[in-house]
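**Student:** Got a structure for you, questions after.
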Amino acid sequence: MPVLEFIRGLVFAGFAFSAAVALGNWAVRTRRISPSSRSARAIRRIGDPILGRLEEWLLRRGANPQNSGWWLLGIALVGGIVIVSVSEWIVQQLYRFSAASARGPFEVFQLVVYLVGQLVLLALVIRVIGSWFGLDRYHRWTGWTYPLTDWIIEPLSKIVPRLGTIDITPIVAWFAVQVLLGMFMRL
């Protein structure tokens with residue numbers, strides 16, 4: 001698919017640029033390149049607008065701003081993986097919707113139920129990961145997951161026992177949603 005190849009190319013170019021900026025910053029900072037040379041000035045002129053903001057962000061969070069190059073590489077890598085994965089998923093869903101609409105209204109309905117089930121599973125994962133970081137139902141990043149998952153978490157929490165301080169209810173809910181989706185998709 002040409003669109004996906006273009007997106008992958010952009011992501012790779014972004015990662016290569018981030019790697020060049022991080023490497024150049026490291027070379028100037030460790031004096032592998034003389035800080036007063038033309039190349040060091042060019043490296044700083046290109047990299048400082050990006051790394052400067054990242055250094056400020058790290059300072060506000062109490063982290064070492066000298067690690068901004070590594071953070072840039074990590075953000076470019078993880079962001080690139082997310083961008084490529086999401087774009088592939090969107091293209092795949094468009095193909096599925098096209099095929100389902102050609103087969104009839106029940107297939108479209110089945111696809112919509114499948115996508116809603118996938119959204120619930122994603123919300124379960126985000127809810128659990130958010131709870132590890134202390135993000136509750138009132139946080140802006142995880143608040144939307146609670147209305148999508150409470151319908152299954154709340155009843156199961158009354159049945160599923162806790163294992164000490166560990167709540168396995170989301171795992172049980174994950175499997176329950178998977179089973180329900182599997183049964184519905186077999187219709």
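The values are calculated or read from the model by the stated rules, or taken from the named source; none is laboratory data. Computed from a predicted structure; not experimentally measured. Counting neighbours? That spans all protein chains shown, and the Cβs are built from the backbone with ideal geometry, glycine included. Side chains included, ligands, DNA and RNA excluded: accessible areas come from the protein's heavy atoms. Shrake-Rupley method; radii C 1.70, N 1.55, O 1.52, S 1.80 Å.
**Student:** Would you mind checking which residues have amide H under 5 Å from ILE168's amide H? H placed 1.01 Å from N; only 5 or more apart, or other chain.
**Tutor:** Here LEU163 satisfy the definition.
**Student:** Per 10 Å bin, what percent of the C-alpha pairs of region 90-161 does each bin hold, from zero upward?
**Tutor:** Taking every Cα pair in region 90-161, the percentages come to 19, 36, 26, 18, 3.
**Student:** Taking the Cα centre of region 128-187 as origin and charging only Cβ (+1 Lys, Arg; -1 Asp, Glu), how large is the dipole, in debye to the nearest 20?
**Tutor:** Charge dipole, region 128-187, about its Cα centre: 80 debye, nearest 20.
**Student:** Any idea which of ASN25, VAL11, VAL91 is furthest toward the positive side of the dipole for the chain, if Lys and Arg beta-carbons carry +1 and Asp and Glu beta-carbons -1?
**Tutor:** Checking the options against the dipole of the chain, the answer is ASN25.
**Student:** While we're on this one: Where nothing but the Cβ of Lys and Arg (+1) and of Asp and Glu (-1) is charged, how large is the charge dipole of the chain around its Cα centre, in debye to the nearest 20?
**Tutor:** 800 debye
**Student:** Using 7 Å Cα-to-Cβ label points, what is the VAL78/SER39 separation (nm, one decimal)?
**Tutor:** So the label points at VAL78 and SER39 sit 3.2 nm apart.
**Student:** Which whole number of Å³ per residue matches the convex hull of the alpha-carbon atoms in region 1-66?
**Tutor:** Taking the convex hull of the Cα positions in region 1-66, it is 101 Å³ per residue.
**Student:** How many percent of the accessible area of region 28-182 is carbon or sulfur, using a 1.4 Å probe?
**Tutor:** For region 28-182, the apolar C and S fraction of the accessible surface comes to 67 percent.
**Student:** Round to the nearest 10 and report in Å² the accessible area of VAL116, as given by a 1.4 Å probe over the protein chains' heavy atoms.
**Tutor:** The accessible area of VAL116 comes to roughly 80 Å².
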